[in-house]
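Trainee: Starting off with a structure, shown below.
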Amino acid sequence: MIILITGAAGFIGSDLSIKLLERNDEVIGIDNHNDYYDQQLKESRLQRHLDNAKYHHYRIDLHNDKKVFEIFEKHKPDAVINLAAQAGVRYSLINPKAYIESNLMGFANILEGCRHHNVKHLVFASSSSVYGANTKMPFSTSHNVDHPVSLYAATKRSNELMAHSYAHLYNLSVTGLRFFTVYGPWGRPDMAYFSFTKKILANESIEIFNHGKCFRDFTYIDDIVEGVIRILDLQAQPNTDWSSDSPNPSSSYAPYKIYNIGNNEPIELMHFIELIEKILGKEAKKVFLPMQPGDVAATYANVDELIQDINFKPQTNIETGLKKFVDWYLNYYNAKV
């Protein structure tokens with residue numbers, strides 16, 4: 001199968017490319033290599049699969065519709081996995097334009113590329129952030145998600161709505177995946193577990209928001225990749241039982257589906273920090289701060305539909321996953337405890 005992956009030098013995209021190449025798929029990678037975080041880390045990720053004969057890489061922005069369409073026309077992908085996005089809740093308060101260009105304009109170009117080039121299945125990254133002001137736990141794809149509390153979340157919810165319109169208008173099979181706090185080796189430096197590790201090693205203070213009273217459903221990278229591949233192979237179909245009188249937001253009369261991919265086990269932030277301290281054998285210097293704008297107090301994924309449809313549930317516990325991350329970090333940065 002020929003698979004186009006956007007964000008292919010990113011955390012999830014690079015690991016996913018490797019796994020698809022291992023099963024002998026042809027992978028077309030797109031990434032703009034922006035400077036939101038360390039570009040060398042992106043280059044290092046990419047080097048793991050760049051020389052594979054079945055991998056082709058393009059350094060372009062998704063809002064460059066001409067270049068995007070040229071790639072679709074040249075490679076004619078069977079499926080597309082859209083992971084490219086401007087990430088980060090707090091950064092959306094500083095640079096909203098980046099989110100409009102990448103997450104909305106860029107995604108629109110991917111939808112158009114799929115529409116005009118007979119793509120069989122579009123799988124795209126949404127986010128647990130879409131649950132916004134929701135407080136009923138665990139978060140279910142059957143819940144209403146129309147109250148985002150950050151522009152990042154609003155763009156991800158917009159992606160879901162845009163995808164549905166293409167499923168309805170053009171019978172494009174689309175599946176959205178709401179990822180819950182992905183972590184692990186080769187991860188993003190702006191994520192808490194990454195910056196905590198870096199600062200603890202450097203004897204710098206770590207900032208703990210909401211005075212540590214936060215819970216996150218941390219999901220290990222290998223589980224995310226496994227879930228994405230299984231979903232990729234399960235083309236979204238119309239739900240014949242869907243009713244407009246009591247609509248289920250996670251499915252449709254059109255070939256459209258939404259899933260959560262989370263560990264189904266929220267971890268308290270202070271316990272999370274204690275685990276990093278234990279693995280490093282070093283105590284963090286802590287600064288407690290109030291909740292930041294755009295953040296939420298807790299995330300917790302209901303994954304019943306994931307289990308039902310693809311017989312899969314993330315399995316990696318937080319102790320195992322954090323240990324693998326720290327081991328990678330110490331090796332990659334040649335860091336000493």
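The values are calculated or read from the model by the stated rules, or taken from the named source; none is laboratory data. All of these numbers come straight from a predicted model, not from anything done at the bench. Here the Cβ is made from the backbone with ideal geometry for all residues, glycine too, and neighbour counts use every protein chain on show. For accessibility, only protein heavy atoms count, side chains too; no ligands or nucleic acids. Shrake-Rupley method; radii C 1.70, N 1.55, O 1.52, S 1.80 Å.
Trainee: Run the numbers on the chain and let me know its relative contact order in percent, using alpha-carbon pairs under 8 Å that are six or more apart. Could the numbers behind the result be given before it?
Mentor: Details: 670 pairs, mean separation 59.5, N = 337.
After rounding, I find 18 percent.
Trainee: On a 0 to 90 degree scale, rounded to 10, what angle separates helix 65-75 from the longest Cα axis of the chain?
Mentor: For helix 65-75, the angle is close to 70 degrees.
Trainee: Follow-up question, since we're still on this one. Give, to the nearest whole percent, the P(r) tail of the stretch 114-176 beyond 15 angstrom, counting all Cα pairs.
Mentor: Values: 1033 of 1953 pairs.
It works out to 53 percent of all Cα pairs.
Trainee: With +1 on the Cβ of every Lys and Arg and -1 on the Cβ of every Asp and Glu, and nothing else charged, how large is the dipole of the chain about its Cα centre, in debye rounded to the nearest 20?
Mentor: The calculated dipole for the chain is roughly 540 debye.
Trainee: Follow-up. How do the peptides 182-189, 203-210, 60-67 rank, highest first, by the average count of neighbouring beta carbon atoms within 10 Å per residue?
Mentor: Values: 182-189: 20.4, 203-210: 14.5, 60-67: 16.4.
Ranked by mean Cβ neighbours within 10 Å, highest first: 182-189, 60-67, 203-210.
Trainee: For K136 and I307 in the same chain, what is the full-extension length gain: residue separation times 0.36 nm, less their Cα-Cα distance, in nm?
Mentor: 59.5 nm
Trainee: How large is the accessible surface of Y220 in square angstrom, using a 1.4 angstrom probe and rounding to the nearest 10?
Mentor: My reading of the accessible area for Y220 is about 10 Å².
Trainee: How much area per residue is accessible in the stretch 177-269 when the probe is 1.4 Å and only protein heavy atoms are counted (Å²)? Intermediate values should be presented prior to the final figure.
Mentor: On the way: 3660 Å² over 93 residues.
In whole numbers, the stretch 177-269 has 39 Å² accessible per residue.
Trainee: Rank these by accessible area, largest first, 1.4 Å probe: R216, R59. Walk me through the intermediate numbers first.
Mentor: Values: R216 50, R59 130 Å².
Most to least solvent-accessible, the answer reads R59, R216.
Trainee: Please label the shape of the stretch 254-302 as rounded, prolate or oblate, based on the square roots a ≥ b ≥ c of the eigenvalues of the alpha-carbon gyration tensor (a/c under 1.5 means rounded; beyond that, a/b larger than b/c means prolate, else oblate).
Mentor: Details: a/c = 3.87, a/b = 1.88, b/c = 2.06.
In terms of gyration-tensor shape, oblate.
Trainee: With only alpha-carbon atoms counted, please give the Rg and Dmax of the stretch 1-154, in Å.
Mentor: Taking only Cα atoms of the stretch 1-154, I get Rg and Dmax of 16.1, 48 Å.
Trainee: Taking the alpha-carbon set of the stretch 75-116, what are its Rg and Dmax in Å?
Mentor: Looking at the stretch 75-116, its Cα Rg and Dmax stand at 12.4, 37 Å.
Trainee: Relative contact order for the stretch 179-327: what is it in percent, counting Cα pairs under 8 Å that are at least 6 residues apart? Working shown, then result.
Mentor: On the way: 236 pairs, mean separation 56.8, N = 149.
Averaging sequence separation for qualifying contacts and normalising by length gives 38 percent for the stretch 179-327.
Trainee: Got a sec? What order do D217, D35 fall in by accessible area at 1.4 Å, biggest, i.e. largest, first? Write down the numbers at each step before the final one.
Mentor: Details: D217 0, D35 125 Å².
Largest to smallest exposure gives the sequence D35, D217.
Trainee: Right, here's the next one. Where does the Debye-calculated log10 I(q)/I(0) of the stretch 139-277 sit at q = 0.11 Å⁻¹, using only Cα point scatterers of equal weight, no solvent?
Mentor: Evaluating at q = 0.11 Å⁻¹ gives log10 I(q)/I(0) of -0.53.
Trainee: For a bin width of 10 Å, list the pair-distance distribution of the chain built from all Cα-Cα distances, rounded to whole %.
Mentor: 6, 26, 36, 24, 8, 1, 0
Trainee: Let me ask something else. Of L111, V27, H75, which is farthest along the charge dipole of the stretch 2-143 in the positive direction, counting Lys and Arg as +1 and Asp and Glu as -1 at C-beta?
Mentor: The one lying farthest along the dipole's positive direction is L111.
Trainee: Want the number for T320 to H147: 0.36 nm per residue separation, take away the alpha-carbon distance, what's left?
Mentor: On the way: separation 173, 0.36 × 173 = 62.28 nm, distance 3.44 nm.
Once the chain is fully extended between T320 and H147, it gains 58.8 nm.
Trainee: Set the Förster radius R0 to 45 Å, insert the Cβ-Cβ distance between Q235 and E268 as r into 1/(1 + (r/R0)^6), and round the FRET efficiency to 0.05. All intermediate terms of the calculation are to be shown ahead of the outcome.
Mentor: Working: r = 38 Å, r/R0 = 0.85.
That pair, Q235 with E268, gives E of 0.70.
Trainee: Then there's this: On a 0 to 90 degree scale, rounded to 10, what angle separates helix 11-22 from the longest Cα axis of the chain?
Mentor: Once rounded, one gets 60 degrees.
Trainee: Still on this structure, I have one more. What order do you get for 171-179, 291-299 when each peptide is scored by the mean count of other beta carbon atoms within 10 Å, highest first? Walk me through the intermediate numbers first.
Mentor: Values: 171-179: 23.1, 291-299: 16.6.
Final packing ranking: 171-179, 291-299.
Trainee: OK, next. Can you pull the three principal axis extents for the Cα set of the stretch 37-95, in Å, largest first?
Mentor: 38, 27, 18
Trainee: Using alpha carbon centroids, what distance separates the stretch 84-121 and the stretch 195-257, in Å?
Mentor: The stretch 84-121 and the stretch 195-257 have Cα centres separated by 17 Å.
Trainee: While we're here: Rounded to the nearest 500, what is the 222 nm mean residue ellipticity of the chain from helices alone, with -39500 (n - 2.57) per DSSP H run of 4+ residues and division by all residues? Provide the component values of the computation, followed by the final result.
Mentor: Details: 12 runs with 126 residues, N = 337.
Only helices count here, giving -11000 deg cm²/dmol.
Trainee: By how many degrees, 0 to 90 and rounded to 10, does the Cα axis of helix 269-280 deviate from the longest principal axis of the chain?
Mentor: Between the helix axis and the principal axis of the chain, the angle is about 70 degrees.
Trainee: Turning to a different aspect of this structure: Considering only protein heavy atoms, what is the solvent-accessible area of K74 at a probe of 1.4 Å, reported in Å² to the nearest 10?
Mentor: Result for K74: roughly 140 Å² accessible.
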